[in-house]
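Take a look at the structure set out below.
The values are calculated or read from the model by the stated rules, or taken from the named source; none is laboratory data. Keep in mind that this is a model prediction, so the values were computed, not measured. Because the Cβ atoms are built from the backbone with ideal geometry, glycine has one as well, and the counts that use them run over all protein chains shown. Side chains are part of the model used for accessible areas, which takes the heavy atoms of the whole protein and leaves out ligands, DNA and RNA. Shrake-Rupley method; radii C 1.70, N 1.55, O 1.52, S 1.80 Å.
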Amino acid sequence: MPALTLPRVTYLGGHPDRTEQSAQLTVVLDRSGIVVRGRFRRFLEFRWPDLRGLDVRSPDIVTFVLSTSLSEVDADGATLHLRTDRGLSRLHVNGVRQADLRAALAGWVTREAGPDAPLPATPPPAPRQVDGQLGTVRMALDVWRAASLGREPLADRSTLAYRLAVAENHRFAGAFTEAVAVLGPLAAEAARAFGPTDDDTLKVRNALGQTYLAAGAVDDGLDVLRELVAVTEHLHGVDGELSLVFRNNLAIGYQQAGQYALAIDLHGQNVRHTERRRGPADLETIGRRNNLAATLALAGQRERAITGYWAVLDALAGADHALGVTARQNLAILHNPSWRP
């Protein structure tokens, strides 16, 4: 099926070139984009790369009563919102409910896009460039200083926080060797000073695992994070704050390694645990649903990712939140049949 055709569409407004409401239109989706046609001419066109957001909503009858006198708008239809840099256009599809229109769009793009194609594993970063013999000496001194900082006795938690911040600065600057040189000894020193299962000690080990991942040492990073998740689940329960954070980081590590089934399972656990603890409408739950949808998209599971982003939007219940903006943007991307992770 090369195109999806939606008849009995009413344009409600929003596009700067089309301010008037118009009925008896047809919407056609194909690989180039979304075309709105009248009986004898093209009415509007939205190319996939130009779309900044896509949403499907049930009609607001009060709004229709106040804003339109068109008899062609029915209460059983669904409204398709298309956002570009030029604004938001609203198209009411008569006779098709919200869930059915969403399913039709997702089914069409899944068939048109073809088989799933996951994003390959993240390649390791390029080796740091060292400028000659002097650069090698300087780097060795930097690593020595970093390791020395990590081994110094810890007098209090403020000192631990400072050294952790130094290591994080190294990591964000791409100086992974120096970051590991701080964090390895610091984890051991924190365990000696505060205990191996102290929350601050666990946070240092988490930073170490993430640094290994960033440096391309994926197996080492996964080993650290797997152990952390097991420890925190034992200490704080499966839905403890640290358990959720470390499980999320482990999922990101599996995603980086291209092990998407494991990443999806961990994100799914986080959604369930957070929903049970905080409720389905809590922003933390919605954020974890967003993480799951993003991973599904990168895994090439387009239809499941689309369903996940619809769940994010529905949970927000129309609230103007950054998660909603992201979900609508990603839905526009995912409904483009030419998009690949």
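Key figures
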| item | result |
| --- | --- |
| For region 264-341, Kirkwood radius (reciprocal of mean inverse C-alpha pair distance, Å) | 12.4 Å |
| Segment Glu227-Ala317, extension gain: residue separation times 0.36 nm, minus the distance between their alpha carbons | 28.6 nm |
| Part-to-part distance (alpha-carbon centres) for region 226-261 and region 42-56, which is given in Å | 38 Å |
| Heavy-atom SASA rank of Arg128, Arg247 (probe 1.4 Å, accessible area, largest first) | Arg128, Arg247 |
| Relative counts (whole %) of C-alpha pair distances in region 108-161, using bins that are 10 Å wide | 16, 20, 19, 18, 10, 15, 0 |
| Cα-based equivalent ellipsoid of region 188-341: semi-axis lengths in Å, sorted from largest, via gyration tensor | 30, 19, 11 |
| Degrees, to the nearest 10: 283-298 long Cα axis against longest axis of the chain | 80 degrees |
| Nitroxide proxy distance, nm - points 7 Å out along Cα→Cβ at Thr26 and Glu284 | 5.2 nm |
| Accessible surface, the chain, averaged per residue in Å² (probe 1.4 Å) | 48 Å² |
| Ellipsoid equivalent to the chain - semi-axes via the Cα gyration tensor, in Å | 50, 22, 17 |
| Residue among Gly184, Asn248, Ala147 farthest towards the positive dipole end of the chain, charges placed on Cβ | Asn248 |
| Overall form of region 198-273 per C-alpha gyration tensor (a/c, 1.5; a/b vs b/c) | oblate |
| Inter-site label distance for Ser58 and Arg128 at 7 Å from Cα along Cβ, in nm | 5.7 nm |
| Estimated FRET transfer efficiency when R0 is 56 angstrom, pair Arg97-Ala188 (beta carbons, to 0.05) | 0.40 |
| Extension gain from Ser148 to Asp116, taking 0.36 nm per residue of separation minus the Cα-Cα distance | 6.7 nm |
| Per-residue HN-Hα couplings for region 203-208 [Karplus 6.51, -1.76, 1.60; θ = phi - 60°; Hz; x = Gly/Pro] | 5, 5, 5, 4, 4, 5 |
| Accessible surface of region 193-341 [probe 1.4 Å, protein heavy atoms]: carbon and sulfur percent | 51 percent |
